[in-house]
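Participant: Structure below; questions to follow.
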Amino acid sequence: MNYDIPGLPERTTVPRDNGLTMVMDKGLSLRQVEDMIASGGEYIDIVKLGFGTSIITKNLKEKLKLYKEANIKTYFGGTLFELFIAKGMFDDYRKMLDKYDMELAEVSDGSIILPHERKCEYISKLTEQVVVMSEVGSKDETIIIPPYKWISLMQSELDAGAWKVIGEAREGGTVGLFRASGEVRMGLVEEILTQIPAEKILWEAPQKTQQIWFIHLLGTNVNLGNISPVEIIPLETLRLGLRGDTFDLFLSEEDNARLTE
């Protein structure tokens, strides 16, 4: 920080297991990646190369090298995994992870119909090779998964070896955990949290209002994902109470008393 203000909420330290910020790279150039790291790299834990962009991204190895040198973990979007599975190319997918020296992989089934037992088998097999993040939820806004099913799916995938389970929202934040308007399905989230520890979940929350809601519910060190590159520093200010939306959340009793004198 450029100057010290006592009493700001305490962020977990890098490398961290909780309080993660996952940023979505939907095709950034090498120069854009360099600029993003220079301005906000210390606030980024993970970068997802969204959906199938890694297939057509130029200078992919050079881009991954930039992230690695900045101690930022990367993984390919779950849609790419689903494409390999639909084509019967799971072994090829594993070879691709090795080719690009990937530390993380996402297992999802948001665009394909995949028996859950098979999904868990893929998770289990991939944990022999990489750290696995598994995504729960459909990309189809017409499919409403009841809370008990979310809980069951998340727990099974954690049991299969997933490091974190990801709550689906897409890059727009209008499906899965959220209504088409972007409004949080509050009852769903709160019921999930009765059974699944918050630190095991990474919530996709691309919209500011969604980020605010989760910070109010779970605090500074909630795991948030699908963050736009231009929202990295704004999100960190929300986490630290340096923005009006969360300013009051982190004031102490002494601070509030001082304001009423």
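The values are calculated or read from the model by the stated rules, or taken from the named source; none is laboratory data. Here the structure is a predicted model, which is why all the values come from computation and not from measurement. Neighbour counts run over all protein chains shown; Cβ positions are idealised from the backbone, glycine included.
Participant: Being aliphatic (A, V, I, L, M) and in a helix (DSSP H, G or I) is the filter; apply it to the stretch 77-114 and report the residue that is nearest to the chain's Cα centre (by Cα).
Facilitator: Among those residues, the one meeting the criterion is 80.
Participant: Of the residues that sit in the stretch 195-250 and are assigned to a helix (DSSP H, G or I), touching a residue at least 40 places away in the same chain (Cβ under 8 Å) and among the β-branched types (Val, Ile, Thr), which one is farthest from residue 33 (Cα to Cα)?
Facilitator: Selected residue: 233.
Participant: Given the conditions (1) farther than 30 Å from residue 211 by Cα; (2) out of contact with any helix residue (DSSP H, G or I) (no Cβ under 8 Å at 6 or more places or on another chain), which single one is not true for residue 142?
Facilitator: Unmet for residue 142, out of (1) farther than 30 Å from residue 211 by Cα; (2) out of contact with any helix residue (DSSP H, G or I) (no Cβ under 8 Å at 6 or more places or on another chain): (1).
Participant: Mind telling me which of the residues 158, 153 ends up being in contact (Cβ under 8 Å) with a residue 24 or more places away in the chain, within 20 Å of residue 111 (Cβ to Cβ) and part of a helix (DSSP H, G or I)?
Facilitator: The match here is 153.
Participant: Looking at this structure, is residue 202 modelled with pLDDT of 95 or more, closer than 19 Å to residue 23 by Cβ, out of contact with any strand residue (DSSP E or B) (no Cβ under 6 Å at 6 or more places or on another chain) and crowded, with 16+ Cβ neighbours inside 10 Å?
Facilitator: Taking the combined requirement at face value, the residue does not satisfy it.
Participant: If you take the residues of the stretch 233-261 that are among the basic types (Lys, Arg) and touching a Pro at 6+ places or on another chain (Cβ under 8 Å), which of them is surrounded by the fewest Cβ atoms within 10 Å (Cβ to Cβ)?
Facilitator: Selected residue: 243.
Participant: Which condition from (1) among the aliphatic types (A, V, I, L, M); (2) touching a helix residue (DSSP H, G or I) at 6+ places or on another chain (Cβ under 8 Å); (3) under 17 Å from residue 126 (Cβ atoms) is the one that residue 86 breaks?
Facilitator: Here residue 86 clears every test but (2).
Participant: Moving on. Is it true that some residue in the stretch 50-66 is farther than 21 Å from residue 228 by Cβ and surrounded by 18 or more Cβ atoms within 10 Å (Cβ to Cβ)?
Facilitator: No, the stretch 50-66 contains no residue that is farther than 21 Å from residue 228 by Cβ and surrounded by 18 or more Cβ atoms within 10 Å (Cβ to Cβ).
Participant: Are there any pairs with C-beta distances below 6 angstrom linking a residue in the stretch 12-30 that is closer than 19 Å to residue 60 by Cβ and modelled with pLDDT under 95 to a residue that is among the polar types (S, T, N, Q) and part of a strand (DSSP E or B), with the two at least 6 apart or on different chains, and if so which?
Facilitator: As it stands, the answer is none, since no pair meets every condition given.
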